[in-house]
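To start, the structure under review is shown below, and the notes come after it.
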Amino acid sequence: MKVQKVKISGGSQDFWLVLGEDFMPIQEIDSYLRYLHSIGKSPNTVRSYAFHLKEFWLFLSQSNIQWSDVGLKQMSQFISFLKKGRCDNVELLRQSQSIRTERTINTIVTAVTAFYDYHSRVSDVDAIDNKSITN
């Protein structure tokens, strides 16, 4: 997966895409980033969200989870992924701290929950907090 900067013809601002393994934009992320761009979010915000959502999609891919099946359980696994940098249940004895700060993790989780809020409002998926804890 890759985040790619593109110039929109006739526009003065850059736009960001998250490309999947097939080098095509990931539609769910693309529609959200276009929404952020259309409501006038800062290009830096759109860029940051693109990188945060790429990390989330990487987690989903490595965990074999569909984006529409994410609930609280999967979000807690994602937070663990952000702390450890991998998707396994193995705890290293010498790893005493997270590879990311709590502030960075909170920023990434905020981007992901805003992504789900957008998609729940356009009826693409249920909001995370509306899903069962047992998911």
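Of everything in region 24-59, what is among the acidic types (Asp, Glu) and within 11 Å of Ala111 (Cβ to Cβ)? Give them in sequence order.
Across region 24-59, the qualifying residue is only Glu55.
Of the residues making up region 9-18, those that are touching a helix residue (DSSP H, G or I) at 6+ places or on another chain (Cβ under 9 Å) and at pLDDT below 95 are Gln13, Asp14, Phe15, Trp16, Leu17.
Condition test on Phe59, is it assigned to a helix (DSSP H, G or I) and under 17 Å from Ser80 (Cα atoms)? Yes: the conditions hold for Phe59.
Applying the condition of being part of a loop (DSSP other than H, G, I, E, B) and touching a helix residue (DSSP H, G or I) at 6+ places or on another chain (Cβ under 6 Å) to region 95-122 and asking which residue is modelled with the lowest pLDDT yields Ser98.
Filtering region 9-23 for residues that are in a helix (DSSP H, G or I) and open to solvent by 50 Å² or more (accessible area, probe 1.4 Å) leaves an empty set. Residues that are in a helix (DSSP H, G or I) and open to solvent by 40 Å² or more (accessible area, probe 1.4 Å) were ranked within region 32-47; the one that is modelled with the lowest pLDDT is Pro43. The numbered conditions (1) modelled with pLDDT under 85; (2) of a type outside the set (D, E, K, R); (3) loosely packed, with under 14 Cβ neighbours inside 10 Å are all true for Val125 except (3).
From the list Ile29, Ile65, the lone residue that is out of contact with any strand residue (DSSP E or B) (no Cβ under 6 Å at 6 or more places or on another chain) and β-branched (Val, Ile, Thr) is Ile65. In region 58-71, the count of residues that are farther than 14 Å from Val3 by Cβ, crowded, with 19+ Cβ neighbours inside 10 Å, at pLDDT below 95 and in contact with a Lys or Arg (Cβ under 9 Å, 6 or more places away or on another chain) is one or more.
The values are calculated or read from the model by the stated rules, or taken from the named source; none is laboratory data. Nothing here was measured: the structure is a model prediction, and the numbers come from that model. No Cβ is skipped: glycine too gets one built from the backbone with ideal geometry, and neighbour counts run over all protein chains shown. SASA here: full protein model, heavy atoms, side chains in, ligands and nucleic acids out. Shrake-Rupley method; radii C 1.70, N 1.55, O 1.52, S 1.80 Å.
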